[in-house]
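Scroll down for the structure; my scribbles are underneath it.
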Amino acid sequence: VDLSTKVAGLSLPNLLFNASGVCCQTETDLKLMIESESGSLITKSATYEYREGNPSPRYLPLPSGLGSINSMGLPNEGYEYYLNFAKNYDYSSKKPLFISLSGLSLADNVKMCEAFVAAELPCVLEVNFSCPNVPGKPQLGYDMEAMESALNVLAPLIKKPFGVKLPPYFDIAHFDTAATIFNKFDNLVYVTCINSVGNGLAIDFETESALIKPKDGFGGLGGLMVLNTALANVNAFYRRLPGKQVIGVGGVTSGKEVFLHVLAGASAVQIGTTLKEEGPTVFARINKELTDIMIAKGYKSLDEFRGKVKTL
Ligand SMILES: O=C(O)c1[nH]c(=O)[nH]c(=O)c1Cl
């Protein structure tokens with residue numbers, strides 16, 4: 001059974017990697033990803049300057065076991081740290097490297113993209129339009145005009161194939177509008193769907209308190225509970241972006257959800273909450289589970305069923 005795939009023209013030995021933000025903020029984290037059975041890795045979204053992020057507790061798995069809530073606040077080492085990592089990365093390692101950029105302004109995104117473009121590295125840039133946890137900063141992914149304006153500046157600047165990380169959309173008109181924008185940019189070759197479902201609220205029954213400290217307890221939701229929203233966003237953009245690819249993320253706890261993401265159209269699949277809770281051994285487990293599912297169903301490669309979700 002062949003779990004390999006291609007994204008943005010790069011070959012991934014298998015389709016699994018981390019969701020940006022999980023197991024990817026420091027070199028120690030990233031080394032764990034390199035040593036794991038993932039097919040690639042992506043760095044924590046970088047801002048121009050180092051950020052401490054929001055006060056803790058800022059991430060928790062939910063008592064229900066159905067997911068997680070986070071309001072990290074974009075903690076990261078600053079973009080130069082990840083630029084340096086990318087300069088020292090062993091690109092012969094078969095595991096492609098993705099770099100996530102989440103500038104607090106278009107000017108910051110421009111400066112970071114210019115630095116990466118000038119370095120002429122084989123890593124793939126992904127612009128995060130969907131961080132829901134920086135107080136006072138509305139996420140770009142829900143401002144269609146601002147997103148198009150940003151792409152009008154960033155796409156020509158990046159020149160090479162790149163991707164964007166998107167928030168979940170919940171209205172067909174939003175899928176249509178967003179896809180129309182993305183189809184204007186030839187080098188925007190993939191979208192990653194979905195980022196966390198923004199601004200949920202987890203309340204503890206006993207203590208009658210919000211679970212996390214930042215933003216009165218409001219934070220992005222992840223894990224199994226967001227699976228069906230994730231599958232919808234993957235399939236909506238798979239149908240609307242001919243010639244482009246979709247990376248699926250949201251709700252993956254086993255090979256079964258990976259299989260569903262590929263049926264919905266995903267070229268690669270990321271793991272967030274389950275990686276955070278289980279650790280990098282999750283990649284070996286889930287690759288094996290997916291292999292067993294494909295054998296049981298008689299599939300030899302991902303291409304045989306990618307995007308082939310049936311309708312009634
Ligand atoms: O609070 C965060 O750091 C964060 N948390 C998320 O759930 N998604 C993001 O894109 C980011 Cl940048």
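Could you tell me the center-to-center distance, by alpha carbons, between the stretch 50-68 and the stretch 109-183 in angstrom?
If we compute the Cα centre of each part, the gap is 24 Å.
Kirkwood Rh, the stretch 195-312, all Cα pairs: how many Å?
It is 15.6 Å.
Taking each pair of different alpha-carbon atoms in the chain once, compute 1/r for the pair, average those values, and report the inverse of that mean as the Kirkwood hydrodynamic radius in Å to one decimal.
So the Kirkwood estimate lands at 19.3 Å.
Taking the Cα centre of the chain as origin and charging only Cβ (+1 Lys, Arg; -1 Asp, Glu), how large is the dipole, in debye to the nearest 20?
800 debye
For Cα pairs less than 8 Å apart in space and 6+ apart in sequence, what is the mean separation divided by the residue count of the stretch 10-151, i.e. the relative contact order in percent?
Once divided by the residue count of the stretch 10-151, the mean separation gives 22 percent.
Find the relative contact order for the stretch 138-209 and round it to a whole percent, using C-alpha pairs within less than 8 Å whose residues are 6+ positions apart.
About 35 percent, as a whole number.
Please enumerate, by chain and number, the lysines with C-alpha under 16 Å from the C-alpha of Lys165, excluding those fewer than 8 residues away in the same chain.
Candidates past the 8-residue exclusion: Lys44, Lys244.
Can you spot the aspartates and glutamates whose alpha carbon is less than 19 Å from Lys87's alpha carbon? Ignore those fewer than 8 places along the same chain.
Straight-distance partners of Lys87: Glu27, Asp29, Glu35, Glu49, Glu77, Glu114, Glu120, Glu126.
Can you tell me what percent of all Cα-Cα pairs in the stretch 97-209 are more than 18 Å apart?
The answer is 51 percent, as a whole percent.
Between Ser209 and Lys159, 0.36 nm times their residue separation minus their Cα-Cα distance comes to what?
13.2 nm
Once you treat every alpha carbon in the stretch 14-143 as an equal point and sum by Debye, what is log10 I(q)/I(0) at q = 0.14, 0.15, 0.19 Å⁻¹?
-0.64, -0.73, -1.13
So how far apart, in nm, are the two label points at Ser56 and Glu120 if each is 7 Å from Cα heading toward Cβ?
Each label point lies 7 Å from its Cα, and together they span 4.3 nm.
For the stretch 256-312, report the convex hull volume of the alpha-carbon atoms normalised per residue, in Å³, without decimals.
In the stretch 256-312, the Cα hull volume divided by residue count equals 87 Å³.
Helix-only estimate, please: 222 nm mean residue ellipticity of the chain, summing -39500 (n - 2.57) across DSSP H runs of length 4 or more and dividing by its residues, to the nearest 500.
-10500 deg cm²/dmol
Relative contact order, percent, of the stretch 8-79 when contacts are C-alpha pairs under 8 Å separated by at least 6 residues?
Dividing the mean separation by the residue count of the stretch 8-79 yields 29 percent.
Can you pull the semi-axes for the stretch 178-229, root of five times each eigenvalue of the Cα gyration tensor, sorted largest first, whole Å?
For the stretch 178-229, the semi-axes come out at 34, 12, 7 Å.
Throughout, read-outs are computed from the coordinates displayed, never taken from laboratory work. Because the structure is a prediction, the values reported are computed rather than measured. Please note: Cβ atoms are built from the backbone with ideal geometry, for glycine as well, and neighbour counts cover all protein chains shown.
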